[in-house]
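Participant: The structure is given below, and queries will be raised subsequently.
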Amino acid sequence: MILLDPDLDPDPALTSTSAEQAAASSLATPNRKLSLPSARTLARFLTETQSAVRLKGEVTVLLTTDAAIRKLNRQFRNKNKTTDVLSFPAEGIGAEEIAGDLAISVPTALCQASEQGHSLATEIKVLILHGLLHLAGHDHESDAGQMARRERRLRARLGLPQGLIERTKVEPALKSSTNAPCPILSRSLRKGGKSRTQTRKRGLKQ
């Protein structure tokens, strides 16, 4: 399932400060490359990628703002700054039906897309894949390169460019994890009249 934060502008390329900076740094980029992909397009990709990752259970992707991501990052990781993607694996009762949630900052994704020379849609897909691997139990901070190798194989299969792990080898980024419920998602995502946090406990990973 793909959810759009109501505070997220439907055309981030026109109004986001981050997007304006991204566009200014790549004047040759067509406007369509800066456009937010449709929920239907991303939902198809999510289904395809979940199958490739072999991740069972429902996944919800929240496309949100820098401010919302920063709030999550500050609250659960003690990092008072924006980031690109956060993963919330499902745990406990109901985890067999719900794999977890992802939160993606669209303005940050747009900046990264411009830096990498590809479209916003492509960057969001890269972030979805990275987040799904975390939901599947991978952790590139503590493994011996298994997540990086699997992400590389899946990117080739899905036709995606360089992933987040490869980028951090050049420009180190904050990649840590903690365990915490996600109040933004639990308010937004409800099933059967109950907040999902009533039926499971989330862990937070980036």
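The values are calculated or read from the model by the stated rules, or taken from the named source; none is laboratory data. Quick caveat: nothing in here was measured; it's all calculated off a predicted structure. Cβ coordinates were reconstructed from backbone atoms using ideal geometry, including for glycine residues, and neighbour counts include every protein chain displayed.
Participant: Condition test on N73, is it at pLDDT below 90 and either under 21 Å from H130 (Cβ atoms) or of a type in the set (A, V, I, L, M) (or both)?
Facilitator: Against the criterion (at pLDDT below 90 and either under 21 Å from H130 (Cβ atoms) or of a type in the set (A, V, I, L, M) (or both)), N73 qualifies.
Participant: Got a sec? Which of A90, A156, A121 is surrounded by fewer than 24 Cβ atoms within 10 Å (Cβ to Cβ), assigned to a helix (DSSP H, G or I) and in contact (Cβ under 8 Å) with a residue 60 or more places away in the chain?
Facilitator: Just a single option satisfies the conditions, and that option is A121.
Participant: Working only within the stretch 59-116, note down all residues that are of a type in the set (F, W, Y) and either within 14 Å of the chain's Cα centre (by Cα) or under 18 Å from F45 (Cα atoms) (or both).
Facilitator: F88
Participant: What's the number of the only condition in (1) surrounded by fewer than 24 Cβ atoms within 10 Å (Cβ to Cβ); (2) in a helix (DSSP H, G or I); (3) under 13 Å from the mean Cα position of the chain (by Cα) that L132 fails to meet?
Facilitator: For L132, the failing item is (1).
Participant: Restricting to the stretch 34-52, give me the number of residues that are buried (at least 20 other Cβ atoms within 10 Å of the Cβ) and assigned to a loop (DSSP other than H, G, I, E, B).
Facilitator: Number satisfying all stated conditions: 1.
Participant: Give the residue that is modelled with the lowest pLDDT, with candidates limited to residues of the stretch 76-104 that are in contact with an Asp or Glu (Cβ under 6 Å, 6 or more places away or on another chain) and under 17 Å from H134 (Cα atoms). Steps first, please.
Facilitator: Of all residues in the stretch 76-104, those in contact with an Asp or Glu (Cβ under 6 Å, 6 or more places away or on another chain) come to 82, 88, 98.
Still in the running and under 17 Å from H134 (Cα atoms): 88, 98.
Numbers: F88: 84, I98: 91.
Ranking the candidates gives F88 first.
Participant: For the stretch 61-79, what are the residues that are in a helix (DSSP H, G or I) and over 8 Å from A103 (Cβ atoms)?
Facilitator: Once the filter is applied, which keeps residues that are in a helix (DSSP H, G or I) and over 8 Å from A103 (Cβ atoms), the stretch 61-79 yields D66, A67, R70, K71, N73, R74, Q75, F76, R77.
Participant: In the stretch 66-81, how many residues are of a type in the set (S, T, N, Q) and crowded, with 20+ Cβ neighbours inside 10 Å?
Facilitator: Count: 1.
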